[in-house]
Structure formats: structure tokens, C-alpha cells
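The structure under discussion appears below in the form of C-alpha cells.
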Amino acid sequence: MKYQLITIGSHGDVHPFIGLAKSLQNRGHTVKIATNPTFESLVNMAGIEFVPVGTKEQFAAWIANPDVWHPTKGGGAVLRGTSQTLRLAYDLARDFASTGTTIASTLSMGALCARETHQAKIVTVHLAPICIRSLHELPRLPLPIDLNFLPMFTRRQFWKGADRFSIDPAIAPAVNALRKELGLSPVSSILGKWMNSPDLTIGLWPDWFGKAQPDWPATTRLAGFPLYDEGDVTPLPEVVRAFLDAGTPPIAFTPGSAMKFGQDFFATAAESCRQLGRRGILLTRHGEQIPKDLPPGVIHVDYAPFGALLPKCAAVVHHGGIGTTSQALASGCPQLIMPMAHDQPDNASRVKKLGCGDFIWPRHFKPRKVTAKLNAVLAPLVKADAVEIRNRMKQSPAPLIHACDLIESV
């Protein structure tokens with residue numbers, strides 16, 4: 001068969017689609033990935049045909065916008081950026097309609113319009129539970145309380161208010177402008193059921209991390225974490241191997257691959273390592289964020305595949321992106337999460353409920369509090385829970401194989 005995968009976002013959004021594309025290709029299918037040219041070399045190294053979506057300049061402008069990481073402004077900033085790719089995603093799905101199936105990420109929603117205009121077969125793929133709306137389980141937001149104590153009526157009003165005053169104003173004008181151009185009727189509640197393909201919607205996480213809800217679309221299936229980290233094309237750097245072999249397990253720190261405002265995060269990371277007397281690895285491709293004078297035993301590297309790195313770490317401190325979260329779960333590595341926006345608070349809450357980590361809000365991310373939190377996360381009981389989750393994941397069916405089976409059924 002022939003498949004095209006469209007994904008919009010950062011490395012955390014591209015990695016799972018490369019893993020899925022390679023799995024489909026290994027089954028004999030013809031596959032290509034459409035994404036931002038920033039990731040062209042990565043896609044090519046993985047042996048997948050590349051199709052550009054947007055420009056490198058657009059991606060650079062997106063990650064340079066501080067609002068993207070804001071707890072209340074972040075969602076709108078991402079959705080407004082997504083509006084630039086709606087027509088591109090539609091054109092790709094329309095042109096591919098007579099050839100094969102389009103597999104579209106959460107933010108590649110323009111492809112759904114081609115299902116209506118050209119009967120294109122569309123598979124929607126979400127990476128985190130927050131992407132599929134439910135009244136039965138509200139997502140954890142960057143608030144001091146969990147909203148799941150609210151009665152059902154109030155939960156309905158919550159989603160209506162979110163759509164009316166926050167979500168739809170950011171994306172509905174662009175979606176409906178495209179739909180008007182195509183002769184389609186306008187839609188609302190964009191991030192409700194509309195963004196899930198009636199052909200098939202796949203959640204790339206296991207049921208024990210985000211349980212399927214009774215009000216999810218009927219075509220929704222869960223496949224498990226994809227766990228692709230480009231380790232097959234970007235091996236663990238030799239400097240990291242040597243560092244890991246030279247002493248006790250370090251603590252890894254990353255605020256996310258696209259974060260360009262991590263100066264305070266890394267300053268706190270370095271100081272916390274000093275206070276704890278622990279070794280540390282600071283991970284970012286944006287080296288200007290790293291303090292000039294690092295404590296002994298703390299190093300900076302641009303990137304290291306988490307599948308190889310995290311099993312050798314005492315803990316990982318990160319932003320709560322679903323890619324890092326799932327890699328830490330698979331590695332049995334305790335986590336301390338500093339969630340900022342998007343799916344991060346919800347992922348962090350789920351990790352804490354599993355007992356294999358904790359989270360701390362950005363406003364509290366200071367050396368003294370981070371050190372105290374890390375002392376707790378490094379406790380044997382947390383490590384035992386993390387290892388139990390790792391063993392559970394090892395016993396699960398291969399997620400990408402399951403996802404491929406689902407996709408082939410369309």
C-alpha cells in the first residue's frame with residue numbers, strides 16, 4: 001500500500017511518525033513523511049521520502065515566540081501557527097486521495113477537509129491523552145487543582161467556555177476560511193470530535209497511561225507508546241558514553257527540543273546538581289542557554305537518544321513532553337517534570353499518579369525546591385515503581401506493530 005504521514009510540530013512530534021513510517025516501510029509499503037524542512041535531514045537519514053510543509057523560517061519563528069511556552073497563551077499561539085499549514089495539509093491529502101491513505105497528526109487537521117471534498121482516507125494520530133476530549137476525564141491544566149471533582153453539568157460548561165473564548169477563536173477562523181473556499185459548511189468546537197477522523201483515530205499511548213473513555217469517538221484505538229528516538233541514525237555520542245562510564249549515574253535535564261528560553265532551567269539544574277553532589281547531563285541543541293561555568297561532573301550535550309541514555313541515569317528532569325515522558329517510563333527512570341503548557345501538565349499528573357515521579361510548576365522551579373523534589377524522586381520506592389512500569393511495558397505487544405495493523409485495516 002501507499003501511505004503519506006503529515007506531522008506538524010517539533011522533534012517530539014516528528015520522532016513518532018518516523019518510527020511509524022519505518023514500521024510501515026518494513027512491511028513492504030511505500031511511505032513518505034511531510035513535515036517542516038527543519039527535519040528533512042532526519043527523515044532522509046531514516047530512509048524515508050521527505051515532503052516539505054512550510055519553511056524553516058516559519059518553524060524558527062514559531063519556537064522563538066515565548067507565548068508558545070506560556071501556560072495560558074501557549075495553546076492559542078500553537079493553533080495560530082498551525083493555521084499557516086492548514087491549506088498545505090489539505091492539498092497533500094487531496095492530491096494523495098486516489099493513491100493511498102494519509103496519516104495526519106493532531107495539528108495536521110487541514111487534511112480532514114480532503115475527506116469531505118475528495119473522499120480521502122484519513123487516519124488521525126494523537127500522541128497524548130489530552131488530545132482526545134472527554135467529559136469523563138478532564139485533562140490536568142496548569143492550575144493548582146485537578147478539575148475532575150466538577151459535576152458533569154459543569155464539565156460541559158467548561159468545554160463550551162473553552163471552545164467559545166479560547167480554542168475556536170485561535171483556529172476556527174482559519175479552518176472555516178479554508179472550508180468556505182472549498183465549498184464546505186463551517187464547523188465549531190474544532191478540538192472536539194471534528195479533529196478526529198471517522199475512518200480511524202489512533203492514540204499512541206497504552207490504556208494504563210490514558211484509559212479509553214466512553215465518549216471518545218467510536219473509531220478510536222490505542223496502540224501504545226512508539227518510543228522512536230532516532231537512536232538508529234543518531235547513536236549515543238562517544239563523549240556521553242565516556243561520561244556515563246566514568247562515575248555514578250547522572251541526572252539528565254532537558255526542557256524540550258524546541259525550547260529556546262531555558263536559561264533559568266539550566267541554571268537551576270546546574271545548581272541543584274551542585275547541592276546534591278550529583279553528576280548531571282544538560283541536553284539542548286541551543287547551547288547559548290547553558291551557564292558558562294558548570295559545576296564539576298556536569299556536562300552539556302546537544303542531543304542523546306533517550307533509549308540509550310535514560311537507563312543509565314538516576315533520574316530525568318524535563319518539561320513533560322510525551323516523548324520524553326514515555327522514554328523515561330520505558331527506561332525505568334524516575335522523573336521530575338516542570339510542565340509549562342499544552343499536554344505537559346496532564347502528562348506530569350499521570351506520571352505522579354503512577355508513582356514513578358513528581359512535578360513542580362515553573363514558578364517554583366528554583367534550586368532549593370528542585371533539590372528537595374529530586375531527593376524525594378531519587379528515593380528507592382519511586383525507583384521501584386518506575387522499574388515496575390518499565391517491566392510492564394516490556395511485556396506489552398509492540399506498539400508500532402499494533403499501530404500498523406490498525407492502519408492497514410482502513
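The values are calculated or read from the model by the stated rules, or taken from the named source; none is laboratory data. If you're wondering where the values come from, they're calculated on a predicted model, not measured in any experiment. Neighbour counts are summed over all protein chains in view; Cβ atoms, including those assigned to glycine, are modelled from backbone coordinates with ideal geometry.
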When (1) surrounded by fewer than 21 Cβ atoms within 10 Å (Cβ to Cβ); (2) at pLDDT below 95; (3) touching a strand residue (DSSP E or B) at 6+ places or on another chain (Cβ under 9 Å) are applied to K260, the one that fails is (3)
Query raised in the report: Any chance region 179-201 includes a residue that's under 25 Å from G323 (Cβ atoms) and either part of a strand (DSSP E or B) or outside the structural domain of R115 (by TED's automatic domain parsing) (or both)?
Result: yes
Q) Going by the conditions given, is G277 within 27 Å of the chain's Cα centre (by Cα) and among the small types (G, A, S)? A) no
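With P250, P255, P296 as the choices, which residue is more than 27 Å from I63 (Cα to Cα) and touching a Gly at 6+ places or on another chain (Cβ under 7 Å)?
Details: P255 fails: more than 27 Å from I63 (Cα to Cα); P296 fails: touching a Gly at 6+ places or on another chain (Cβ under 7 Å).
Step by step, each of P250, P255, P296 is checked, and only P250 is more than 27 Å from I63 (Cα to Cα) and touching a Gly at 6+ places or on another chain (Cβ under 7 Å).
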Across (1) charged (D, E, K, R); (2) over 28 Å from P206 (Cβ atoms); (3) out of contact with any His (no Cβ under 7 Å at 6 or more places or on another chain), R155 clears everything bar (2)
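Given the structure, is K2 surrounded by fewer than 21 Cβ atoms within 10 Å (Cβ to Cβ) and within 19 Å of L204 (Cα to Cα)? First the steps, then the outcome.
Details: surrounded by fewer than 21 Cβ atoms within 10 Å (Cβ to Cβ): yes; within 19 Å of L204 (Cα to Cα): no.
No.
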Restricting attention to region 100-152, the residues that are out of contact with any Leu (no Cβ under 6 Å at 6 or more places or on another chain) and under 18 Å from G9 (Cα atoms) number exactly 17
Log entry, pairs with first residue in region 361-380 being among the basic types (K, R), second being outside any helix (DSSP H, G or I), beta carbons closer than 7 Å, six or more apart or on different chains, reads K369/I360; K373/L336; K373/D358; K373/I360
Residue pairs within 8 Å by beta carbon, gap of at least six or interchain, first lying in region 17-42 and surrounded by fewer than 19 Cβ atoms within 10 Å (Cβ to Cβ), second basic (K, R), listed first then second, are H29/K2; T30/K2; P37/K56
Checking the structure you have, find out if any residue of region 113-125 is part of a loop (DSSP other than H, G, I, E, B), in the same structural domain as G203 (by TED's automatic domain parsing), at pLDDT 95 or above and buried (at least 23 other Cβ atoms within 10 Å of the Cβ).
yes
For region 226-244 the number of residues that are more than 30 Å from C404 (Cα to Cα) and loosely packed, with under 15 Cβ neighbours inside 10 Å is 3
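Residues that are closer than 18 Å to L127 by Cβ: find the strands (runs of 3 or more DSSP E) completely inside region 1-95 holding 1 or more of those. Steps first, answer last, please.
Working: elements: 2-6, 30-35, 49-52.
Hits in region 1-95: 2-6, 30-35.
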Sole miss for L329 among (1) part of a helix (DSSP H, G or I); (2) more than 25 Å from T106 (Cβ to Cβ) is condition (2)
Expected single match for crowded, with 20+ Cβ neighbours inside 10 Å, β-branched (V, I, T) and either over 30 Å from N65 (Cα atoms) or in contact with a Phe, Trp or Tyr (Cβ under 8 Å, 6 or more places away or on another chain) (or both) among V316, V298, V370, V387 is V316
In the set P52, P66, the lone residue that is more than 20 Å from P186 (Cβ to Cβ), outside the structural domain of F261 (by TED's automatic domain parsing), in contact (Cβ under 8 Å) with a residue 40 or more places away in the chain and surrounded by fewer than 19 Cβ atoms within 10 Å (Cβ to Cβ) is P66
If we keep only residues of region 161-219 that are closer than 20 Å to H118 by Cβ and among the basic types (K, R), then the residue nearest to the chain's Cα centre (by Cα) is R179
**OP:** Report whether or not P339 is crowded, with 19+ Cβ neighbours inside 10 Å, closer than 18 Å to L244 by Cβ and either touching a Ser or Thr at 6+ places or on another chain (Cβ under 9 Å) or at pLDDT below 95 (or both).
**Re:** no
